[in-house]
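Trainee: Before I ask anything, here is the structure I am working with.
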Amino acid sequence: MLFTRLYFWVFFTVLLVFYSFLYKHKALRNAYLFLMSLFFYYKSGGYFFSLLIFSTIADYTLGHLIYRARNPLKKKGYLATSVIINLGVLSYFKYSYFFTDMVNRIFNTDLEVVNLLAKWSNEIAGTGFDIGTIILPVGISFYTFQTISYTVDIYRNKVKPVNNILDFGFYVSFFPQLVAGPIVRAAEFIPQLKQKFQLTYREFSHALFLILSGLLKKMLISDYISINYVDRVFDAPTAYSGFENALAVYGYSLQIYCDFSGYTDIAIGVALLLGFRLPINFNSPYKARSVTEFWHRWHISLSSWLRDYLYIPLGGNRKGELRKNVNLMITMLLGGLWHGAHLRFIIWGGIHGIFLVIHKQWLKISNYLAEKMNLKTFSGHKPLNRFLSVFFTFHIVTIAWIFFRAQDMRRAKLMFSQIFNKFNAGLIPDIISSYQEVFFIIVGGFILHWLPANFKEKYRGWFIQSPLWVKLIIVVVIVFVIYQVKSSAIQPFIYFKF
C-alpha cells in the first residue's frame, strides 16, 4: 500500500466516496477513518496490525490510569508500564538480533532468535509463518514514539486522556502518517477529532500541490537516481572510481531527502483533503548553517520528540556545560540507534552529536569574541560566512550519510578509500557523459532545493491561485511524466524500514 502505486489511489478514491457521506458526523467520521486506517495497515504490514491494536488498547487504558491516579508513585508506575511495554515491543522486533548476537559473543552461547508472534499465530490460527526470522513491522518506530508521547503528556498534565477508544485508535493509526511519520503529538491532533470538517479551496489547492510535489520528489528524483546510479555504487564501491563514489554520496543526500520529504508532503496533503492538519516535517534542511539548524529543519517531528522526551528528561542544559554535552551525545547516539541496531547508525548519530557539541562551543567562543571586540556578531563577511557555513554543514551531513546508507562497515570504509585514494579526476568528463541524466537530475535537484524560499513560495502561490482547469492540466502532465519514468519494480520509501 504505497503512495506511489495505483492501488493506494484506488483505495483513497473509494475511501473518499464513502467519506463524503460521513464527514459531517464526527463520531462516524472518526470511526470510519479508524477502520480504514486498520485496513491500510493490514495491507501494508500484514498480521502485524495486531500489534497496532495491542498498542492502542494498552496505551488507551494506561492513559486513563495515569490521569485518574492520585498517588504520585502510582502515576509513575503506570507511566513506566507504558514506556516499558512500548519500548519492549519495539526492542524485541528491532534489536533482538543485536542483543542476541551480543550475548552469544560475550558468554560464548548459541542462543537463537524466535519470532514469538509468528509462533503464537502458528499455534492458534494454524498459519505457517517462519518462527526463526523476525521481520520489523512497518511503522512501529513511529507509532511507538507517538503513543509514548501521549502517556507522557498525560503524566505531565499537558493533555487529558481520550474518552472514546475509537478516537484514540484513530489518532494512533491515521493512515497518511502511520508508517513513516511525521510523529504527531496528541496535543496537536486530538483536538481536531472534535472539530467539524473544514477544507477551503485554498487548502484543497495546497493539498494537491503537496501531493504532486511529493510524487515528483519520490518518483522523478529519488527513485530514478537510486535505481540508475546510487544503489549500484553503494553495493560495489570498488567497481567505481573515487569520483563516482563521491557522486553517489551526493546523490544519496538528495535521494533520502526527496524520498522522505516526498512521503511527508503526500501524507500532509492526503490528511488535509480529509480535513486534518499534520505538522511540517522538513524545511529545506540542506540550507542549514550548522548541524543544530539542520536538526531544526530535518525530520522535525523526530528531532523535537528526542528533545522533549529524551534530551530534556536527561537534564538538557540545566546541569552545567559538561552534562549538557553528554546529554547531546546520548540523545544523538540513541537517535542513531533508533534507526537500526548497527554500529554504522551509532557512528552516524555520533557524528551529528559531536558537531552539535562543537557548534554549541563555537557559539560561546564567537559571542565572547564579539563582546570583547564590541561587535554585534563575530561572523565576518555575512554572505561569505553564510555560504561557508552552509557548505561546511552540508558536507558534514553528507559524509555522515555514508554510514547511514552503506550496507555494512566494510563497504563504508571502501567508499572512503575510493574517494580519497582513487578519485581519478581525469575520468570526470567521461563519467558525466556516461551518466548525464543522473548527473543533471542531481545538480538540478540541489539547485531547486537551494532556491530562495520566497521564489518557492511564488510558484506554490501561483499554483494555488490558478484556475481549476489549469490545475487539472498540470495534474495530467505530471502523472504522464511520472508514468514514463517510474520503475516496474516496487521502490518502498526509505523510512519504511525504520
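Computed from the coordinates by the stated procedures, all read-outs in this text should not be read as laboratory data. Note that the structure is a prediction, hence the values are computed from the model and not measured. Cβ placement follows ideal geometry from the backbone for every residue including glycine, while neighbour counts extend to all protein chains displayed.
Trainee: Which part of segment 313-347 falls in the paramagnetic zone of Q361, meaning amide N under 19 Å from the point 7 Å along Cα-to-beta-carbon?
Mentor: Residues 317-333 qualify, since their backbone N sits under 19 Å from the label point.
Trainee: Hey, with R₀ at 30 Å, roughly what FRET efficiency would Q198 and N385 work out to, going by the Cβ-Cβ distance, to 0.05? Kindly include the intermediate steps, with their values, before the conclusion.
Mentor: Numbers: r = 44 Å, r/R0 = 1.47.
For Q198 and N385, the calculated efficiency is 0.10.
Trainee: Between segment 1-63 and segment 298-359, what is the separation of their alpha carbon centroids in Å?
Mentor: Centre-to-centre (Cα) distance: 33 Å.
Trainee: I would also like to ask the following. From a point 7 Å beyond the Cα of A239 in the direction of its Cβ, which residues of segment 430-444 have a backbone N at a distance under 20 Å?
Mentor: So the set is 430-439.
Trainee: Starting from 0 in steps of 10 Å, tell me what percent of the Cα-Cα pairs of segment 18-197 lands in each bin.
Mentor: So the P(r) values, bin by bin, are 9, 32, 32, 20, 6, 1, 0.
Trainee: List L33, L22, L210 from most exposed to least, where exposure is judged by having the fewest other Cβ atoms within 10 Å. Please list the in-between numbers first.
Mentor: Details: L33 25, L22 16, L210 22.
Fewest-to-most Cβ neighbours within 10 Å comes out as L22, L210, L33.
Trainee: Extending each Cα 7 Å along its Cβ direction at N283 and R105, get the distance between those two points in nm, one decimal.
Mentor: 4.0
Trainee: With θ taken as phi - 60° and the coefficients 6.51, -1.76 and 1.60, list the Karplus ³J(HN,Hα) couplings across segment 276-287 in order, rounded to whole Hz; mark glycine and proline as x.
Mentor: 10, 9, 9, x, 5, 10, 9, 8, 6, x, 7, 8
Trainee: Among (i) 28.7; (ii) 24.0; (iii) 26.4, which is the computed mean projected area of the Cα convex hull in nm²?
Mentor: Given (i) 28.7; (ii) 24.0; (iii) 26.4, the calculated one carries the label (i).
Trainee: For E457, put the label point 7 Å out on the Cα→Cβ axis and report which residues of segment 190-211 keep their amide N under 11 Å from it.
Mentor: Zone members listed by number: none at all.
Trainee: Also, quick follow-up: How large is the dipole of segment 202-497 about the Cα centre if only Lys and Arg carry +1 and Asp and Glu carry -1, each at its Cβ, rounded to the nearest 20 debye? Present the calculation step by step, with values, prior to reporting the outcome.
Mentor: Working: 31 positive and 15 negative charges, 196 e Å.
Dipole magnitude for segment 202-497 comes out near 940 debye.
Trainee: While we're looking at this one, here's another question. Note down the magnitude of the dipole of the chain about its Cα centre, charges +1 on Lys and Arg C-beta and -1 on Asp and Glu C-beta and zero elsewhere, to the nearest 20 debye. Could you put the intermediate results ahead of the total?
Mentor: Working: 50 positive and 24 negative charges, 393 e Å.
Roughly 1880 debye, rounded to the nearest 20.
Trainee: Please compute the length gained on full extension between V485 and K497, using 0.36 nm multiplied by the number of residues separating them and subtracting their Cα-Cα distance. Walk me through the numbers on the way to the answer.
Mentor: Numbers: separation 12, 0.36 × 12 = 4.32 nm, distance 2.41 nm.
Between V485 and K497, full extension yields an extra 1.9 nm.
Trainee: By counting other Cβ atoms within 10 Å of each Cβ, how are T144, T81 ranked from fewest to most?
Mentor: Details: T144 25, T81 16.
Result, fewest neighbours first: T81, T144.
Trainee: Karplus couplings for segment 64-71 from phi (6.51 cos²θ - 1.76 cosθ + 1.60, θ = phi - 60°), rounded to Hz, Gly and Pro as x?
Mentor: After applying 6.51 cos²θ - 1.76 cosθ + 1.60, I find 5, 5, 4, 5, 7, 5, 9, 7 Hz.
Trainee: Additional query: So for I442, I106, fewest C-beta neighbours within 10 Å to most, what's the order?
Mentor: Working: I442 24, I106 8.
Result, fewest neighbours first: I106, I442.
Trainee: Check cross-link reach from K75 to the lysines: straight Cα distance under 30 Å, and skip same-chain residues fewer than eight apart.
Mentor: List returned: K94, K158, K160, K194, K319, K324.
Trainee: Whole-Hz Karplus ³J(HN,Hα) for segment 412-424, in order, using 6.51 cos²θ - 1.76 cosθ + 1.60 and θ = phi - 60°, x for Gly and Pro?
Mentor: With coefficients 6.51, -1.76 and 1.60, one gets 4, 5, 5, 5, 4, 4, 5, 5, 8, 10, 9, 5, 6 Hz.
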